[in-house]
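Encoded as structure tokens, the structure appears first; notes follow it.
The values are calculated or read from the model by the stated rules, or taken from the named source; none is laboratory data. The structure presented is a predicted model; accordingly, all values stated were derived computationally and were not measured. Neighbour counts are summed over all protein chains in view; Cβ atoms, including those assigned to glycine, are modelled from backbone coordinates with ideal geometry. Surface areas here come from the heavy atoms of the whole protein model, side chains and all, with no ligands, DNA or RNA. Shrake-Rupley method; radii C 1.70, N 1.55, O 1.52, S 1.80 Å.
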Amino acid sequence: DAGITQSPRYKITETGRQVTLMCHQTWSHSYMFWYRQDLGHGLRLIYYSAAADITDKGEVPDGYVVSRSKTENFPLTLESATRSQTSVYFCASSEPGGTEAFFGQGTRLTVV
Amino acid sequence: GENVEQHPSTLSVQEGDSAVIKCTYSDSASNYFPWYKQELGKGPQLIIDIRSNVGEKKDQRIAVTLNKTAKHFSLHITETQPEDSAVYFCAASNGNAGNMLTFGGGTRLMVKP
């Protein structure tokens with residue numbers, strides 16, 4: 001299916017565990033983003049990537065790691081999950097130059 | 001960095017009335033201002049956007065206005081319908097980094113039938 005897909009949609013993990021959230025897009029967009037959504041904070045940027053093998057920090061990168069070995073995939077890893085990382089995570093993609101950003105359906109992560 | 005403030009956080013209107021959501025931004029270099037609608041359990045979806053060289057843009061029942069001098073922009077929805085009920089986010093970008101967006105805190109709009 002064309003578009004941007006995230007997996008899993010829901011995840012419960014324990015404190016200290018490593019967890020990876022997946023994001024896949026079929027448009028070959030250059031840019032990909034990870035945001036987290038928390039009540040009262042809107043969406044905050046965690047990391048972004050301009051192309052394969054190019055990544056950069058956003059507003060709230062601590063505790064997260066990203067990689068982008070292929071243009072279409074942009075996984076987000078929580079190396080040692082904490083309760084404060086309980087959130088809804090959204091992946092997005094776009095082309096350069098101020099065009100529309102397309103969002104995935106989100107992953108609801110609960111850290112217990 | 002950019003800071004976007006959005007008000008109100010919740011808004012309740014009767015069906016058929018108008019709804020207005022306001023945002024302010026801090027970075028004068030921002031030049032792209034999209035509005036996203038998020039329905040329950042879904043990702044945000046673009047509904048309208050405006051660039052800094054335009055003061056107003058309209059698409060059917062939705063309009064956005066931009067005041068660069070005051071650094072604020074607004075979303076206007078006329079003749080609201082129950083299906084307009086959702087969370088709306090404003091955002092700002094300077095067009096760099098593939099349109100990296102800074103979002104406002106969101107407005108939950110409830111349209112009462």
Residues being within 14 Å of chain A (Cβ to nearest Cβ), open to solvent by less than 10 Å² (accessible area, probe 1.4 Å) and in a loop (DSSP other than H, G, I, E, B): count how many of those fall in the range B:65-105. 4
When residues of the range A:31-72 are filtered for being open to solvent by 40 Å² or more (accessible area, probe 1.4 Å), under 24 Å from A:Thr110 (Cβ atoms) and either in contact with a strand residue (DSSP E or B) (Cβ under 8 Å, 6 or more places away or on another chain) or at pLDDT 95 or above (or both), how many remain? 6
Please determine whether any residue of the range B:11-22 is assigned to a strand (DSSP E or B) and within 14 Å of another protein chain (Cβ to nearest Cβ). yes
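For (1) under 26 Å from A:Leu39 (Cβ atoms); (2) among the small types (Gly, Ala, Ser); (3) out of contact with any Cys (no Cβ under 9 Å at 6 or more places or on another chain), each residue gets a yes or a no:
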{"residue": "B:Glu56", "(1), (2), (3)": "no, no, yes"}
{"residue": "B:Ile62", "(1), (2), (3)": "yes, no, yes"}
{"residue": "B:Thr69", "(1), (2), (3)": "no, no, yes"}
{"residue": "B:Phe73", "(1), (2), (3)": "yes, no, no"}
{"residue": "B:His76", "(1), (2), (3)": "yes, no, yes"}
{"residue": "B:Ala86", "(1), (2), (3)": "yes, yes, yes"}
{"residue": "B:Ser93", "(1), (2), (3)": "yes, yes, yes"}
{"residue": "B:Met100", "(1), (2), (3)": "yes, no, yes"}
{"residue": "B:Gly104", "(1), (2), (3)": "yes, yes, no"}
So which residues in the range A:14-27 are open to solvent by 30 Å² or more (accessible area, probe 1.4 Å) and either farther than 15 Å from A:Gly104 by Cα or more than 13 Å from chain B (Cβ to nearest Cβ) (or both), if there are any at all? A:Glu14, A:Thr15, A:Gly16, A:Arg17, A:Gln18, A:Thr20, A:Met22, A:His24, A:Thr26
Scope the range B:27-53; condition in a loop (DSSP other than H, G, I, E, B) and open to solvent by less than 60 Å² (accessible area, probe 1.4 Å); matching residues: B:Asp27, B:Ala29, B:Ser30, B:Asn31, B:Gly41, B:Gly43, B:Pro44, B:Ser52
Candidate set: the range A:74-112, residues that are under 16 Å from A:His41 (Cβ atoms) and in a loop (DSSP other than H, G, I, E, B); chosen: the one most open to solvent (accessible area, probe 1.4 Å): A:Thr86
Just name the residue that is nearest to the other protein chains (Cβ to nearest Cβ) out of those in the range B:23-32 that are closer than 24 Å to A:Ala92 by Cβ and modelled with pLDDT under 95. B:Tyr32
